[in-house]
Amino acid sequence: MIIAVVNQKGGVAKTTTAINLSAALGKMGKKVLVVDLDPQGNASSGYGIKKQELIKTTYEMIMGEARPAETVIKTGFKNVEIIPATQELAQAGVRLLQFENKNMQLRKALIQISGNYDIIIIDCLPSLDVLALNGLCACDRIIIPMQCEPYSLEGVAELFATVKRVKKAANRNLQVMGIVFTMLDKRLTVNREVMLSIKKKFPPQSIFNTEIPRNVRIAEAPSHGEPIVYYDNSSKGALAYTDLAKEVLVKCGQEVGMTNG
Ligand SMILES: Nc1ncnc2c1ncn2[C@@H]1O[C@H](COP(=O)(O)OP(=O)(O)O)[C@@H](O)[C@H]1O
Ligand SMILES: [Mg+2]
């Protein structure tokens, strides 16, 4: 099962969700690969990866300049491996345009290693450019993190239209697994109001029951290079991401082995 975390808006907790969901799944015994598909490389640094030491990254994998297996490195956390990214990945966004199958390069690469994992999580960049389209073409499901703020729904129609187009043209398997509310502070009227309006707009099955609260421990964790379920496993943020991981597994159903260990 390959899941892309997508929203062309920046700062909505895509990377936070990719890191913490993958770490929680790993803790539950699932073999997980994180693919950092953002030249900012925040998923890599959030996992404590030192970028100056990297030789093979998402860039080489997507350009076909390294075998995918060569680009995978271990994180220090149970069951989680990562293909890291650096600034160099931005060049792929340009160079890929010359490829005949420019949107399919990530898919082509991941097929070679997907059998090694229960779940692959792709942390997409805040864009709907060729790199992001590679993410959409490579995955089975997408998770859309959303903040309950006045302009949150801006761009979501475009995102859904893009998903529909990709599904038709390149990836019949593609489905939206759900919208997840992030950085939620229910004391704020605006958060509650926007949440209600989003719930009116989408069917219940396309919104995760789990809500991720605004939690300072989540914001602190990346600078320690640790996912929240390791940095502070008793925090509200850790509990929420653990719940999200359980909900993801339920939604994946039979397609992910339900073994533990
Ligand atoms: N639940 C949360 N509580 C507090 N801060 C959060 C939470 N989720 C994300 N953040 C912070 O919000 C900022 C943007 O999150 P990030 O995951 O980098 O967004 P994106 O990948 O969508 O650009 C980061 O500084 C992150 O630490
Ligand atoms: Mg990000």
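A short reminder: the numbers here are calculations on the coordinates, not readings from a lab. The structure displayed is predicted, hence computed values, not measured ones. Heads up, the Cβs are rebuilt from the backbone with ideal geometry, glycines too, and the neighbour counts pull from every protein chain shown.
Quick notes on this one:
- Ranking of ILE120, ILE198 by count of other Cβ atoms within 10 Å, fewest first: ILE198, ILE120
- Computed on segment 1-62, the Cα convex hull volume stands at 105 Å³ per residue.
- Rounded to the nearest 20, the Cβ-based charge dipole of segment 2-251 about its Cα centre (Lys and Arg +1, Asp and Glu -1) stands at 720 debye.
- Computed extension gain for SER234 through ALA90, at 0.36 nm per residue and net of the alpha carbon distance, reaches 48.1 nm.
- Modelled FRET efficiency - R0 30 Å, LYS186 with SER223, Cβ distances, 0.05 increments: 0.70
- Subset of LYS102/LYS164; LYS50/LYS236; LYS199/LYS236; LYS56/LYS108 violating a 21 Å alpha-carbon distance limit: LYS50/LYS236; LYS199/LYS236
- Here is the list for segment 144-221: chymotrypsin sites (Phe, Trp or Tyr not before Pro) lying in DSSP coil, each with at most 13 other C-beta atoms within 10 angstrom of its C-beta, are TYR151.
- Mean residue ellipticity, 222 nm, helices only, the chain: the sum of -39500 (n - 2.57) across DSSP H runs of n ≥ 4, divided by residue count and rounded to 500, is -11000 deg cm²/dmol.
- In terms of its C-alpha gyration tensor, segment 2-251 has an oblate overall shape, because the principal axis ratio a/c (a ≥ b ≥ c, square roots of the eigenvalues) is not below 1.5 and a/b does not outweigh b/c.
- Ranked LEU159, LEU33, LEU188, criterion: other C-beta atoms within 10 Å, fewest first: LEU188, LEU159, LEU33
- Placing dummy labels 7 Å off each Cα toward the beta-carbon, the span from ASP129 to GLU70 is 2.6 nm.
- Its residue count N sets the reference 2.2 N^0.38 Å, and the alpha-carbon radius of gyration of segment 88-179 equals 1.12 times that reference.
- Neighbour-count order for THR71, THR58, fewest beta carbons within 10 angstrom listed first: THR71, THR58
- Taking a ≥ b ≥ c as the square roots of the eigenvalues of the alpha carbon gyration tensor, segment 1-151 is rounded, as a/c is under 1.5.
- For segment 197-235 versus segment 54-126, the spacing of their alpha-carbon centroids is 25 Å.
- Computed from the Cα positions only, the extents of segment 80-126 along the three principal axes stand at 32, 23, 16 Å, in decreasing order.
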